[in-house]
Amino acid sequence: MPWKGISDPYLIWLSEVILQQTRVDQGWNYFLKFKKQYPHISDLANAKEDDVLKLWEGLGYYSRARNLLAAARYVEQELNGIFPNNYTDILKLKGVGPYTAAAIASFAFGERKAVLDGNVYRVLSRCFGISTAIDSTKGKKEFEKLSDELIDAKKPALYNQAIMDFGAEICLPKNPRCSDCPLQNECYAYNADEIAQFPVKLKKLKKRTRHFNYFMFTDQKGNTLIRRRGKGDIWQGLYELPCVEAEAFLSKNAVKKNGIPGLWENHGVTFELNKIAERTHILTHQKIKAVLFELKIFKLPPINEFQEISINKLNNFAFPRLINLLLGN
């Protein structure tokens, strides 16, 4: 992996942020793209937010990209471009939590600070038979204390990398390779035949289902309408097509007869309406069901907050992956 063995705190930080909530195979190319586009933290600090979001497009959890940019600007403007060199100060960076701070502190600066990611939680909970939920406040404190006791004082970075790799290669979530495990004799879960019971997690929240009705307005000049999403909801700062959220999908007949409720009223204007795509998009706590209508019209209607652009320029803007999928991108 391209981030293995590097000691540059900026690149370590970049890789860790990209890999939050992201599979390694998906994050790999994004890391290389960001490294090429913004090789130094000063390059990222001087970037435009729209450019960063566009490069991030498809990774999801876009608050990571905004926090990344905000932290880079903080380092550049408040710390004279020098990345913090210890766990406590690294933790002060926007969007950086205990795991990321520990990873940077140990890998870049050799600080004796244990990392705790999903792989490490799994190894420790099975080996020591810890039934405290890993996503509870009590559990996090318990595992943090144990990890800090176990970490090798002389080679903290090597220990951290080893236990993460061990969880990723041997102590797998499903079908772990117990026959290859050197900790077999000491492993509580293996000897108690309770491997599937660890790690313990709190009860999952029920996902909320939402219905988004998107509209691709197209006039005779080949222009359409988009807007930037505001604060207080998913995909903050990204662009979207005109959208009506409703209890269910709107029917074509309802749109033709009444216009688009809450967005634009028909008022007898002639237009052609076609349903062109439908998708379901799963987020951490939400299920988004979306439909895309193409609405061909002589002249674009004036809609507050929306800007008129050429359809050919849609790729210049950062959209949620859901909209790109609806558009066939």
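Values computed for the structure shown
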read-out	value
Within-10-Å neighbourhood charge of GLY167 [Cβ basis; K, R +1; D, E -1]	-1
The stretch 213-267: C-alpha gyration tensor shape, a/c 1.5 cut-off, then a/b vs b/c	oblate
Segment ILE311-ASN266, extension gain: residue separation times 0.36 nm, minus the distance between their alpha carbons	14.0 nm
Net charge, TYR99 excluded, C-beta distance under 11 Å - Lys, Arg +1, Asp, Glu -1	-1
Entries in LYS33/LYS174; LYS174/LYS201; LYS4/LYS33 that, when Cα-Cα distance is taken, lie over 23 Å	LYS33/LYS174
Translational diffusion coefficient (Stokes-Einstein; Kirkwood radius from C-alpha pairs) of the stretch 53-147 at 37 °C, 0.692 mPa s, in µm²/s	218
The chain - percent relative contact order, Cα under 8 Å, separation 6 or more	15
CD proxy at 222 nm, helix term only [per DSSP H run n ≥ 4: -39500 (n - 2.57); per residue of the chain; nearest 500]	-11000 deg cm²/dmol
Environment charge of ALA254, counting only residues whose C-beta is closer than 13 Å and scoring Lys/Arg +1, Asp/Glu -1	+2
Under-5 Å amide H pairs with VAL200, H placed in peptide plane, nonlocal only	ILE134
Overall dimensions of the chain by Cα: Rg and Dmax, Å	24.2, 78
Full-stretch length increase - GLU278, THR137 - with 0.36 nm per residue and alpha-carbon distance subtracted	46.8 nm
Cut-off 19 Å (backbone N to label point 7 Å along Cα→Cβ of ASN324), residues of the stretch 271-301	277-284, 288-292
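Laboratory data are not the source of any read-out in this text; all were calculated from the coordinates shown. As the structure is a prediction and not an experimental result, all values here were calculated from the model. Cβ coordinates were reconstructed from backbone atoms using ideal geometry, including for glycine residues, and neighbour counts include every protein chain displayed.
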